[in-house]
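The values are calculated or read from the model by the stated rules, or taken from the named source; none is laboratory data. Note that the structure is predicted; figures quoted are calculated from it, not measured. All Cβ positions, even for glycine, are placed from backbone atoms using ideal geometry, and neighbour counts span all protein chains on display. These accessible areas exclude ligands, DNA and RNA; they are computed on the full protein's heavy atoms, side chains included. Shrake-Rupley method; radii C 1.70, N 1.55, O 1.52, S 1.80 Å.
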Amino acid sequence: QLVESGGGSVQAGESLRLSCVASGDMFSSYDLAWFRQAPGKEREFVAAIRLYTWERHYADSVQGRFVISRDNAKSTSYLRMITLKPEDTAIYYCAAGMVDDNNYYTTTPYNYWGRGTQVTVAS
């Protein structure tokens with residue numbers, strides 16, 4: 001129900017924009033987020049955007065470089081990434097669920113997940 005795209009291999013300092021398309025009325029019902037998982041590491045929070053307030057949250061490691069957005073008319077969430085670093089290399093996952101201020105950065109409240117898109121940043 002969530003399908004990511006836009007990943008690829010880039011050089012450090014370059015940019016990418018990831019997209020996440022949802023089926024049905026998911027985008028009009030849930031908060032949205034992006035997580036990532038590097039080899040041998042746990043899945044970690046990247047960014048979230050709230051359904052009603054459009055308030056955005058970011059991990060410290062991407063603050064100022066990544067921007068999350070949503071287009072409910074297109075049922076699409078975007079993650080714009082600039083000044084990419086080798087440590088940004090990971091599989092990026094889109095997620096949807098109902099969250100609050102205490103749990104948006106955890107995987108627990110997200111009921112729906114995409115299969116992920118690979119981002120590789122070479123130094």
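Check whether at least one residue in the stretch 13-29 is of a type in the set (Gly, Ala, Ser), on the phi > 0 side of the Ramachandran plot and modelled with pLDDT of 95 or more, and report yes or no.
yes
Out of everything in the stretch 33-77 that is hydroxyl-bearing (Ser, Thr, Tyr) and open to solvent by less than 40 Å² (accessible area, probe 1.4 Å), what residue ends up being farthest from the chain's Cα centre (by Cα)?
Ser75
Considering only the stretch 1-88, give the strands (runs of 3 or more DSSP E) lying wholly within it that have at least 3 residues that are in contact (Cβ under 8 Å) with a residue 40 or more places away in the chain and touching a strand residue (DSSP E or B) at 6+ places or on another chain (Cβ under 7 Å).
Answer list for the stretch 1-88: 2-5, 8-11, 16-22, 31-37, 44-49, 76-81.
State yes or no: is Val121 more than 12 Å from the chain's Cα centre (by Cα), part of a strand (DSSP E or B) and crowded, with 16+ Cβ neighbours inside 10 Å?
Yes; evaluated as a whole, the condition is true for this residue.
Filter the stretch 98-112 for residues that are closer than 26 Å to Gly40 by Cβ and open to solvent by less than 70 Å² (accessible area, probe 1.4 Å) and give the result.
Answer for the stretch 98-112, where residues must be closer than 26 Å to Gly40 by Cβ and open to solvent by less than 70 Å² (accessible area, probe 1.4 Å): Asn103, Tyr104, Thr106, Thr107, Pro109, Tyr110.
Tell me which residues, restricted to the stretch 4-32, are surrounded by 11 or more Cβ atoms within 10 Å (Cβ to Cβ) and of a type in the set (D, E, K, R).
Hits for the stretch 4-32 are Glu4, Glu14, Arg17, Asp31.
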